[in-house]
Structures are given as C-alpha cells and as structure tokens.
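What follows is a single structure, written as structure tokens, with notes after it.
The values are calculated or read from the model by the stated rules, or taken from the named source; none is laboratory data. This one's a predicted model, so the numbers in the text were calculated from it and none came from an experiment. All Cβ positions, glycine included, derive from the backbone under ideal geometry; neighbour counts span all protein chains shown.
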Amino acid sequence: MPMEKEEKVTIRISEADLLEIDQYLEVHQSYGSRSEFIRTAVFDFMNRGIVTPMAEGAEVQLDGTTLDTLYKAVERGFFNNINEAISIVLNEASSEGIINNIIKRKIEGKKASEDLFEEYDRRVRPIGNASSLGARNLKSR
C-alpha cells in the first residue's frame with residue numbers, strides 16, 4: 001500500500017505550552033515526537049466532539065487537570081460521555097449551592113469595587129464635576 005503524502009502545517013504555540021508538551025512527552029515517550037503527539041491530540045479531540053453540554057454554541061473551558069479527571073471517569077464507565085460528566089457535575093454543584101455561593105462572592109466583589117470607586121469619587125473628584133479635568137483642577141488648587 002503506498003504511503004499517503006503528508007503536508008507540513010505551521011502552528012503558533014507559546015513557549016510555556018511547548019514546554020508543557022515536552023514535559024509530557026518525556027513521561028509518555030510512546031508518541032515519539034511533538035508532531036505525532038499533536039496529530040494524536042487533534043484526532044482525539046475531533047473524536048470526542050466539541051463540549052457543548054447546555055446549549056447550542058455553549059463552550060466550557062476547563063483546566064487540564066479537571067478535564068483529564070472527567071475523561072478518566074468516562075473511560076472507567078462512571079459517565080457515558082464527557083457531556084454527561086460535565087452536566088452531572090454542574091447539576092450537582094447547583095443542587096449543593098456551590099454555583100449560588102460563587103455568584104454571591106462575585107456580587108460581593110463587584111459591590112466592594114463599586115464602593116471603593118464611589119469613595120474615591122467622593123474624596124478626590126470635585127462635587128458636580130466628574131471629569132478627569134475637574135479632578136486635575138482640584139489637585140492644582
């Protein structure tokens with residue numbers, strides 16, 4: 001059988017990501033090269049499908065450790081597929097109040113930031129003039 005012609009493709013990847021790939025390849029030497037690893041990763045990703053568990057077009061960004069853990073759980077039969085795993089984890093987090101706690105912390109952080117800016121505006125900016133020019137004029141007085 002004749003060998004299929006290979007095309008050369010150029011990709012851009014950060015030095016940090018490349019270092020992480022190289023460290024992975026040191027441990028998992030069965031790949032042989034960066035090219036073989038990337039080729040395998042691309043086809044594995046395509047075979048798994050794009051992660052869209054909630055709505056059409058939704059995309060979930062997970063760190064490598066979390067994603068690896070979920071894929072291992074799928075491989076061992078705890079979940080039928082990655083979409084089911086993500087959905088179950090998110091639903092469980094919701095029923096345990098974790099999502100609400102995260103949202104509350106975000107609201108509190110936003111309110112704290114707004115309070116700081118309001119205090120800044122009261123102390124530094126002149127009353128009735130919120131422009132940066134007004135703030136500069138206040139400093140020069």
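If Ala58 satisfies all but one of (1) part of a helix (DSSP H, G or I); (2) at pLDDT below 85; (3) surrounded by 10 or more Cβ atoms within 10 Å (Cβ to Cβ), what's the number of the condition it fails?
Failed condition: (1).
Within the range 75-127, work out how many residues are among the small types (Gly, Ala, Ser) and not in a helix (DSSP H, G or I).
Our first condition is that a residue be among the small types (Gly, Ala, Ser); within the range 75-127, this holds for 77, 85, 87, 93-95, 97, 109, 112-113.
Filter once more, keeping what is not in a helix (DSSP H, G or I): 77, 97.
Number satisfying all stated conditions: 2.
Which residues, taken from the range 1-48, are within 25 Å of the chain's Cα centre (by Cα), part of a loop (DSSP other than H, G, I, E, B) and polar (S, T, N, Q)?
Answer for the range 1-48, where residues must be within 25 Å of the chain's Cα centre (by Cα), part of a loop (DSSP other than H, G, I, E, B) and polar (S, T, N, Q): Thr10, Ser14.
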